[in-house]
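The values are calculated or read from the model by the stated rules, or taken from the named source; none is laboratory data. Worth saying up front: this structure is predicted, and the values here are computed from it rather than measured. Counting neighbours? That spans all protein chains shown, and the Cβs are built from the backbone with ideal geometry, glycine included.
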């Protein structure tokens, strides 16, 4: 099966320079000395400055994209921002603020996508669908979901896991990576309370429920995606499974019976930005077939494959 | 039916290079050198093997004994 005409032409990224050293916090929480290295994978979490908004992170990712994209970024038909930590409590939508900050043309529509860790993969399907429906040619899919806005530094369940970051993926008909075409999606809405912002505005997570959800659902989603796209595991040259934590990535690799890899996000779980930030460091000419799977908030998952067009 | 040996075997699979046989049956996971992710792996494996649904809040399942007692009360 051939990938769809629309694909990823380039990815820009932004990680704040500031880092929080997690070692001291891990000690205070009473975790074993090797807990960060063997279970979490994040020794130092990326942290935005307090005055930086989600739209600012998007703008910085756009600036990075502009440095590496081979084409003009002024003629956009759409920008979409995946976030659940928007500017201004979500009204106006963050994508409209990004549109203003970038000085984009009126014909460029803008909307937000309220998804967490599955958001980048799901966003690829949504953006492709929009471009087909409207006859558009160029779009940017932004991801920026800084959990530091809602994270409780005293919460041992979440304090060591998340990092701030953003990405900007240019979607065109002249891509380096073709998308899919087949996706695999799913939601277990009855488990949505397992990862939420509580009444006090603080992130709360039932780690065991999230772990069970991922371990039980993601391997099957990957297998279905491979079969639907006519690809075997042996043909896959890159596995980008959302780095929620080292332990969950290792668990899913084990269940898929594929070799473990070094934890790819030592700056923390950047939610919907985690997959594009990893892809940004990959070479489509060397890792020609890549599985991407995002899973978490919802609880939901989204999986597809990318194939090099070179 | 979940046995003590089943739980110890699940611990051994969850945690490489760890002597699951040395964990006192009444010891808290933390005191035995196991963390919440190890516990999650053990409970998931037991769930997959037996079908038993462990509670969403597993904080009361503090030890091998607590897991066995829960499983027995649940009728497995």
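Looking at residue B:2, is it within 14 Å of chain A (Cβ to nearest Cβ), over 23 Å from residue A:247 (Cα atoms) and either in a loop (DSSP other than H, G, I, E, B) or touching a helix residue (DSSP H, G or I) at 6+ places or on another chain (Cβ under 6 Å) (or both)?
Working: within 14 Å of chain A (Cβ to nearest Cβ): no; over 23 Å from residue A:247 (Cα atoms): yes; either in a loop (DSSP other than H, G, I, E, B) or touching a helix residue (DSSP H, G or I) at 6+ places or on another chain (Cβ under 6 Å) (or both): yes.
Considered against the rule, which asks whether it is within 14 Å of chain A (Cβ to nearest Cβ), over 23 Å from residue A:247 (Cα atoms) and either in a loop (DSSP other than H, G, I, E, B) or touching a helix residue (DSSP H, G or I) at 6+ places or on another chain (Cβ under 6 Å) (or both), residue B:2 comes out as no.
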Cβ pairs under 6 Å, 6+ apart, first in the range A:227-239 and touching a residue at least 40 places away in the same chain (Cβ under 8 Å) and assigned by TED's automatic domain parsing to the domain that holds residue A:184, second loosely packed, with under 13 Cβ neighbours inside 10 Å and assigned to a loop (DSSP other than H, G, I, E, B): A:229/A:1; A:230/A:1
Residues of the range A:66-90 that turn out to be part of a loop (DSSP other than H, G, I, E, B) and more than 17 Å from residue A:52 (Cα to Cα), as a count: 9
Some residue of the range A:189-211 being within 14 Å of chain B (Cβ to nearest Cβ), in contact with a strand residue (DSSP E or B) (Cβ under 8 Å, 6 or more places away or on another chain), crowded, with 22+ Cβ neighbours inside 10 Å and part of a loop (DSSP other than H, G, I, E, B): no
Qualifying residue in the range B:61-68 (condition: within 11 Å of chain A (Cβ to nearest Cβ), in a helix (DSSP H, G or I), touching a residue at least 24 places away in the same chain (Cβ under 8 Å) and within 10 Å of the chain's Cα centre (by Cα)): no
Selection status of residue A:260, within 14 Å of chain B (Cβ to nearest Cβ) and part of a loop (DSSP other than H, G, I, E, B): yes
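Against the definition (within 13 Å of chain A (Cβ to nearest Cβ) and closer than 25 Å to residue A:255 by Cα), how does residue B:19 come out, yes or no? Don't jump to the end; show me each part of the working.
Values: within 13 Å of chain A (Cβ to nearest Cβ): no; closer than 25 Å to residue A:255 by Cα: yes.
Criteria not met by residue B:19.
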Pairs where the first residue, in the range A:95-107, is assigned by TED's automatic domain parsing to the domain that holds residue A:63 and the second is part of a loop (DSSP other than H, G, I, E, B) and at pLDDT 95 or above, C-beta under 8 Å, 6+ apart: A:97/A:53; A:99/A:108; A:104/A:76; A:105/A:76; A:107/A:77
Among residues of the range B:41-51, those that are touching a helix residue (DSSP H, G or I) at 6+ places or on another chain (Cβ under 9 Å) and either more than 12 Å from chain A (Cβ to nearest Cβ) or touching a residue at least 12 places away in the same chain (Cβ under 8 Å) (or both), counted: 7
Residues of the range A:268-284 classified as crowded, with 24+ Cβ neighbours inside 10 Å and either within 14 Å of another protein chain (Cβ to nearest Cβ) or assigned to a loop (DSSP other than H, G, I, E, B) (or both), total: 2
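Please count how many residues of the range A:27-38 are over 25 Å from the mean Cα position of the chain (by Cα) and either within 11 Å of chain B (Cβ to nearest Cβ) or modelled with pLDDT under 85 (or both). Please lay out each step first, then the result.
Our first condition is that a residue be over 25 Å from the mean Cα position of the chain (by Cα); within the range A:27-38, this holds for A:27-34.
Filter once more, keeping what is either within 11 Å of chain B (Cβ to nearest Cβ) or modelled with pLDDT under 85 (or both): A:29-34.
Final tally of qualifying residues: 6.
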